Every structure is written in C-alpha cells, then in structure tokens.
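Chemist: I have a structure I would like to understand better, so I am pasting it below and will then ask my questions one at a time.
The values are calculated or read from the model by the stated rules, or taken from the named source; none is laboratory data. Nothing here was measured: the structure is a model prediction, and the numbers come from that model. Cβ placement follows ideal geometry from the backbone for every residue including glycine, while neighbour counts extend to all protein chains displayed.
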Amino acid sequence: MFGYVNVNKAELKVKDFFKYKAYYCGLCKTLHQRYGRFGQMTLSYDMTFLVILLTSLYESETKKTADRCITHPVKKHDTLINEITEYVADMNIALSYHHLLDDWQDEKNFLGLTGAKALESAYKKINKRYPRQCKEISESLSRLAECEKSKEENIDVVSRCFGELMAALFTYKEDRWQDSLQEVGFYLGKFIYILDAYDDIEKDRKHGSYNPLLISSEKETFQEECRRMLTMMMAECTRAFEKLPCLLDIDILRNILYDGVWTKFEQINTKRNQGVKTPIEEGTKV
C-alpha cells in the first residue's frame with residue numbers, strides 16, 4: 001500500500017481525528033501482537049480506512065483501551081480493536097508477503113526474499129483462513145507483473161490489476177454488501193495506482209524505470225488529464241460508497257474519500273511546481 005488514503009486533519013473535528021488515530025493505533029497494535037515488529041512495519045493509512053469502513057458497515061463490537069508504545073512511550077493513547085482490525089491485519093500481511101515475493105522473483109532483491117521468508121509461516125495460516133482473498137491477491141499481482149514486463153502503456157489496463165486486488169480485500173464477506181464493497185475497493189485501488197504512478201514520474205524517468213504515465217507526462221495538459229482520471233475514479237468510488245448504510249464514523253469516512261485523498265495530489269503538485277520532489281511517506285505515525 002502507498003499511504004495515499006488519509007484524512008484531511010484540518011477539515012476533521014478534533015474528536016473524529018482522535019478516533020481516527022485510535023483506529024490507526026489499534027491496527028498497529030494488532031499487527032504487532034499477531035506478527036511482531038516486522039508485521040508492524042507494514043502499517044499504512046490505506047488499510048486504516050478499510051478498518052473504519054468495514055467497522056461502520058457491519059457495526060462490529062469494538063474494544064477501546066489505553067496503551068503506551070515505542071512511538072508514544074510516556075502518555076497512554078486510545079486504541080480501537082475489533083474483528084475487523086484482525087481481518088485487515090491479516091490482509092495487510094498477505095499483501096506484504098506477495099509484494100516481497102514479487103520483489104525477489106522479478107528483481108532478485110534479497111531484502112524481498114528475506115522479508116517473504118519472515119512472513120511465510122504467517123501467510124500460510126492466513127491463506128487457510130482467507131483462501132479467496134489470498135488467491136485473488138496473488139492473481140492480481142501476477143497480472144500487474146505481466147503488464148509491467150510488457151511495458152503496457154494503457155494506464156486503465158494496468159491500474160485495473162490493482163483495482164481488482166483492492167476489490168478482493170474490501171470483500172470481507174460474500175453477502176448483500178459485497179458488490180458495493182467491491183466497487184469501492186476497485187475504484188479506490190485504481191485511484192491509488194494512478195496517483196502513485198503520477199507521484200513517481202520524475203524518479204522513474206531518472207532511473208529508466210517502468211511507468212505507464214511516462215509518455216503522456218510529456219504533454220502540457222498532463223496534470224489536468226491525471227486530475228480528470230483521478231476524479232473519475234473517486235466519483236465511481238464514492239457513488240458505490242454512498243450505497244452502503246454506513247452511519248458510524250461517517251464524517252471520518254467522507255472526510256477521507258471526498259477530501260483526504262486529494263490532499264496527497266495537491267502535495268505532489270505543490271512540490272512539483274516548486275521543482276522539489278519529496279516522496280509521501282507511508283505509515284508515518286499520526
């Protein structure tokens with residue numbers, strides 16, 4: 001995950017921001033408890049959104065605790081944990097395992113091999129619990145790898161692979177809500193992939209790396225074309241989201257989908273217009 005799906009703190013009520021932090025810290029704590037420090041390193045804002053969305057939809061019974069951690073060693077902070085948190089932690093590890101494995105298989109990256117080996121035992125257990133999701137993650141990443149190897153230039157084709165992956169993660173249960181959840185995940189996944197490609201243009205051009213937006217980036221209208229693509233993705237994502245009967249934490253969810261995701265796009269543009277490229281850091285503690 002890339003860390004692009006975050007709140008816009010300035011537009012969020014203080015109580016809602018602290019509740020968002022509690023969900024984030026709950027996911028962090030769950031990753032640590034289930035998978036140790038290495039698992040905790042896979043934490044991202046994107047998956048925190050999934051915790052809040054599924055918790056709101058299924059109205060899961062949530063436990064609130066006050067804890068200290070390495071990042072907050074002095075003052076206790078709230079954490080919110082439920083069955084959804086555990087599911088999302090498992091999906092986070094499954095996704096990380098496949099990414100690390102792909103790094104080894106595609107680039108012979110020994111860090112990827114080491115990381116995949118560290119998560120292999122945990123992944124096998126997750127695969128037994130959630131075979132459908134793990135199968136779809138694997139297949140989606142394989143299709144994405146094929147697009148990258150063939151240097152596919154159609155961003156719609158490439159981003160679809162990541163959209164299908166996210167659709168699988170968002171489908172917690174095969175029930176009456178699965179179609180809408182799949183749509184939310186699919187279009188949000190495409191948004192994330194396109195935004196990440198947009199963010200990486202200068203770096204990929206410098207290093208000669210694959211990026212499906214490289215050719216179109218030479219156009220004067222490139223920024224606006226990307227904005228239109230991203231707007232279309234979020235329009236479809238929010239259309240599907242509004243079909244879901246989410247009441248709990250609805251202000252947080254809408255803040256993220258209608259405002260938060262766009263702060264990242266504007267940050268990228270600001271840095272680019274200033275001639276400075278600073279990558280958005282994923283998983284930074286809030």
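Chemist: Quick check, is Ala122 surrounded by fewer than 19 Cβ atoms within 10 Å (Cβ to Cβ), of a type in the set (A, V, I, L, M, F, W, C) and in a helix (DSSP H, G or I)?
Modeler: no
Chemist: If you don't mind, there's one more thing I want to ask. List every residue pair whose Cβ atoms sit under 9 Å apart, with the two residues 6 or more apart in sequence or on different chains, where the first one lies in segment 34-54 and is more than 14 Å from Lys19 (Cα to Cα) and among the charged types (D, E, K, R) and the second, anywhere, is surrounded by 22 or more Cβ atoms within 10 Å (Cβ to Cβ) and modelled with pLDDT of 90 or more.
Modeler: Arg34/Ala89; Arg34/Asp90; Asp46/Tyr4; Asp46/Val5; Asp46/Asn6; Asp46/Met166; Asp46/Leu188; Asp46/Ile192
Chemist: Can you find even one residue in segment 116-133 that is at negative phi, within 22 Å of the chain's Cα centre (by Cα), among the acidic types (Asp, Glu) and modelled with pLDDT of 95 or more?
Modeler: No.
Chemist: Would you check which residues across segment 29-40 are under 24 Å from Tyr172 (Cβ atoms) and either exposed (fewer than 12 other Cβ atoms within 10 Å of the Cβ) or hydrophobic (A, V, I, L, M, F, W, C) (or both) and list them?
Modeler: Result: Leu31, single match.
Chemist: State whether one or more residues within segment 94-104 are of a type in the set (D, E, K, R), more than 30 Å from Asp16 (Cα to Cα) and in a helix (DSSP H, G or I).
Modeler: So far as segment 94-104 goes, yes, one or more of its residues are of a type in the set (D, E, K, R), more than 30 Å from Asp16 (Cα to Cα) and in a helix (DSSP H, G or I).
Chemist: Of Ile280, Ile268, which residue is at pLDDT below 95, assigned to a helix (DSSP H, G or I), over 28 Å from Ser180 (Cβ atoms) and under 19 Å from the mean Cα position of the chain (by Cα)?
Modeler: So the residue among Ile280, Ile268 that is at pLDDT below 95, assigned to a helix (DSSP H, G or I), over 28 Å from Ser180 (Cβ atoms) and under 19 Å from the mean Cα position of the chain (by Cα) is Ile268.
Chemist: Still on this structure, I have one more. Condition (residue is assigned to a helix (DSSP H, G or I), closer than 22 Å to Met233 by Cα and among the hydroxyl-bearing types (Ser, Thr, Tyr)) applied to segment 126-143: is it met by at least one residue?
Modeler: So far as segment 126-143 goes, yes, one or more of its residues are assigned to a helix (DSSP H, G or I), closer than 22 Å to Met233 by Cα and among the hydroxyl-bearing types (Ser, Thr, Tyr).
Chemist: Right, here's the next one. Is it the case that some residue within segment 38-50 is modelled with pLDDT of 95 or more and either under 13 Å from Glu83 (Cα atoms) or touching a strand residue (DSSP E or B) at 6+ places or on another chain (Cβ under 7 Å) (or both)?
Modeler: Checked against the condition, which is being modelled with pLDDT of 95 or more and either under 13 Å from Glu83 (Cα atoms) or touching a strand residue (DSSP E or B) at 6+ places or on another chain (Cβ under 7 Å) (or both), segment 38-50 yields at least one hit.
Chemist: May I pose another question? Determine which member of the set Leu80, Leu53, Leu57 is at pLDDT 95 or above and either in a strand (DSSP E or B) or farther than 30 Å from Pro245 by Cβ (or both).
Modeler: Leu80
Chemist: Determine whether segment 150-165 contains at least one residue that is in a helix (DSSP H, G or I), over 18 Å from the mean Cα position of the chain (by Cα), under 25 Å from Glu225 (Cα atoms) and β-branched (Val, Ile, Thr).
Modeler: Within segment 150-165, one or more residues are in a helix (DSSP H, G or I), over 18 Å from the mean Cα position of the chain (by Cα), under 25 Å from Glu225 (Cα atoms) and β-branched (Val, Ile, Thr).
Chemist: Among the numbered criteria (1) among the hydroxyl-bearing types (Ser, Thr, Tyr); (2) surrounded by fewer than 19 Cβ atoms within 10 Å (Cβ to Cβ); (3) part of a helix (DSSP H, G or I), which one does Ser209 miss?
Modeler: (3)
Chemist: A further question follows. For segment 52-97, how many residues are touching a strand residue (DSSP E or B) at 6+ places or on another chain (Cβ under 6 Å), among the hydroxyl-bearing types (Ser, Thr, Tyr) and surrounded by fewer than 20 Cβ atoms within 10 Å (Cβ to Cβ)?
Modeler: Of the residues in segment 52-97, 2 are touching a strand residue (DSSP E or B) at 6+ places or on another chain (Cβ under 6 Å), among the hydroxyl-bearing types (Ser, Thr, Tyr) and surrounded by fewer than 20 Cβ atoms within 10 Å (Cβ to Cβ).
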